[in-house]
Amino acid sequence: MAGASLFTLLDELAALLDDVATMTKVATKKTSGVLGDDLALNAEQVSGVPTDREWPVVWAVAKRSMVNKVVLVPTALAISAFLPALVQPLLMSGGALLCFEGMEKVSSRTPKTRVAPKSEAERVSGAVRTDFILSAEIVVIALGTVAGVPLLQQALTLAALSVVMTVGVYGLVAGIVKLDDVGLALSRRGGPSAALGRGLLAIAPKLMRLLSLAGTVAMFLVGGGIVGHGIPVVYAWLEPMNGLLAAGVEGLLGAAIGLALVGLAAAGRWVRARAGGQLPAP
């Protein structure tokens, strides 16, 4: 009798894991676009780090990214169950923050507003903050794919997706930032490997510049898309557009939001400086 109960339990456990695997696959497919943006943004964040610090920086961000998921998954489940109306405003706030940070990156690259290079701690902090926003969107999208199933399956699916996307994204980032080291090692071997190594050495800096640009653009695309989809009038306008046109409009919306927020932040700093007597009276 006990043996039959054990086999029944194992059979139910196997069925549960099979269902979780299927739902994780579906959720991963639905969030693949955001995962691509996550990859571009995180690779961009570690570009410019000294070679000997690249992997430690990626590892530091990856560990804190997993902490983000540990916080986000139960929080998302609780909000979805008890305060579902909060999900969209929280997402829109995160989207607006992405737009703001994207425009700050653009403004910091112009000659008149160039700022001091970021420290390692600042890079890690910025990458973790960006990861939190994108992870929140991924978790919410994935939550939509498991709506209606028991809570245990929802939790296991989101946990599995969190592990898959953290290992996948940061594994790829670690590989990308070390392309130049691999190229250098191959170029010193001689023979066919040397030609491959020289090719990697030539490609690596171009790839990092491309990812840096893609990461900044992704901030506007993702941020503008989140905010736009949260405003019914804008969403109704975007919905009939084809994918490429909608992405372009979302990117422009994200840039406009970022510009407005950067302007407001600058005005706030000016007001505080004036109030503190740091600026001369007109």
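Karplus-based coupling profile of the range 200-207, in residue order and whole Hz: 5, 5, 6, 7, 3, x, 5, 5, with θ = phi - 60° in 6.51 cos²θ - 1.76 cosθ + 1.60 and x standing for Gly or Pro. Highest mean packing first, where packing is the average number of other Cβ atoms within 10 Å per residue, the peptides 64-77, 180-193 line up as 64-77, 180-193. Radius of gyration (Cα atoms) of the range 163-219, expressed as a multiple of 2.2 N^0.38 Å: 1.33. Peptide packing: for 259-268, 122-131, the average count of neighbouring Cβ atoms within 10 Å per residue gives the ranking 122-131, 259-268, highest mean first.
Each of GLY183, GLY230, ALA214 was scored by the projection of its Cα onto the charge dipole of the range 158-236, and the greatest displacement toward the positive side belongs to GLY183; charges sit on the C-beta of Lys, Arg, Asp and Glu. Peptides 195-206, 215-226, 168-179 ranked from most to least packed by the mean count of surrounding Cβ atoms within 10 Å: 215-226, 168-179, 195-206. Rounded to whole numbers, the Karplus 3J(HN,Hα) couplings from phi for the range 262-271 are 5, x, 5, 5, 5, 5, x, 5, 5, 5 Hz, using 6.51 cos²θ - 1.76 cosθ + 1.60 with θ = phi - 60°, and x at Gly and Pro. Note that the range 59-73 has calculated 3J(HN,Hα) couplings of 5, 4, 5, 4, 5, 6, 5, 5, 4, 3, 5, 4, 7, 6, 4 Hz, one per residue in order, obtained from phi through the Karplus relation 6.51 cos²θ - 1.76 cosθ + 1.60 (θ = phi - 60°); glycine and proline are x.
Taken together, the values in this text are just the output of simple stated rules run on the coordinates, not laboratory data. The shown structure was predicted, so the numbers you read here are calculated from the model rather than taken from an experiment. Virtual Cβ from ideal backbone geometry, glycine too; neighbours counted across all protein chains shown.
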